[in-house]
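Remarks on the structure that follows.
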Amino acid sequence: MNIAFFLTPKKDVIFETTDSTMRQVIERMEYHHYTAIPILDEMGKYIGTITEGDLLRKIKNTLGLNIKACSRIPITDVPMRTRIHPVYIQCNIEDLAQTVTNQNFVPVLDDDDQFIGIIKRSDILHYLFEKVLPQEKENEKKQSLSANKKQDL
């Protein structure tokens, strides 16, 4: 299976760029009810993912910082403590599965290291519950019926 099947394209992803301020990121995350969003540079390359924890640590460790002052702090001045690992679009499903077990979403890059979207763990889980698990149950049912027929003989 190609991982592009699960891709949420960049145009549908909430992200910020390196020229954003801390306040812009906070407001965007609050508006969309997100706890983390990707940060891209001006060329569209994935820089990292900023989390609520990163923002809270910056506020806690900066004397006198309030929401108004956050408008003057570039997001690049906020250390990103959690490393959210990206994958390349040509990666195999096994590598994606391993990465997504530790992250709520996985940034996806093309061959030129350009950010092209994300794959959400929830999309993979929904697929498993809707497609894979019902098929496995059907196979188990068939095997059980087959075993019962053999016993009747």
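The values are calculated or read from the model by the stated rules, or taken from the named source; none is laboratory data. The structure presented is a predicted model; accordingly, all values stated were derived computationally and were not measured. Glycine also receives a Cβ, built like all others from the backbone with ideal geometry; neighbour counts cover every protein chain displayed.
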Considering each residue of the stretch 1-28, count those that are in a helix (DSSP H, G or I), modelled with pLDDT of 95 or more and aliphatic (A, V, I, L, M), and give that number. 3
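Could you identify the single residue in 49, 21, 8 that is touching a residue at least 24 places away in the same chain (Cβ under 8 Å) and within 17 Å of residue 81 (Cα to Cα)?
When all the criteria are applied, what remains is 49.
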Selection from the stretch 8-65 of residues that are touching a Ser or Thr at 6+ places or on another chain (Cβ under 9 Å), polar (S, T, N, Q) and under 27 Å from residue 127 (Cα atoms): 35, 49, 51
Within the stretch 28-46, considering residues that are surrounded by 14 or more Cβ atoms within 10 Å (Cβ to Cβ) and free of Cβ contacts under 8 Å to residues at least 60 places away in the same chain, the one nearest to residue 78 (Cα to Cα): 39
Name the residues in the stretch 98-129 that are assigned to a helix (DSSP H, G or I), within 12 Å of residue 3 (Cβ to Cβ) and under 12 Å from the mean Cα position of the chain (by Cα), would you? 99, 100, 123, 124
Expected single match for under 22 Å from residue 16 (Cα atoms), in contact with a helix residue (DSSP H, G or I) (Cβ under 8 Å, 6 or more places away or on another chain), at pLDDT 90 or above and exposed (fewer than 14 other Cβ atoms within 10 Å of the Cβ) among 77, 113 is 77
Just to be sure before I move on: is residue 6 buried (at least 19 other Cβ atoms within 10 Å of the Cβ), within 14 Å of the chain's Cα centre (by Cα) and farther than 21 Å from residue 70 by Cβ in the structure I sent? yes
Checking residue 90 against (1) surrounded by fewer than 18 Cβ atoms within 10 Å (Cβ to Cβ); (2) not in a loop (DSSP other than H, G, I, E, B), which single condition isn't satisfied? (2)
Taking the stretch 71-83 only, how many residues are in contact with an Asp or Glu (Cβ under 9 Å, 6 or more places away or on another chain) and either not in a helix (DSSP H, G or I) or not polar (S, T, N, Q) (or both)? 7
Cβ-Cβ under 8 Å pairs, at least 6 apart or on other chains, the stretch 115-130 side closer than 14 Å to residue 84 by Cα and of a type in the set (Phe, Trp, Tyr), far side modelled with pLDDT of 90 or more and in a helix (DSSP H, G or I): 115/10
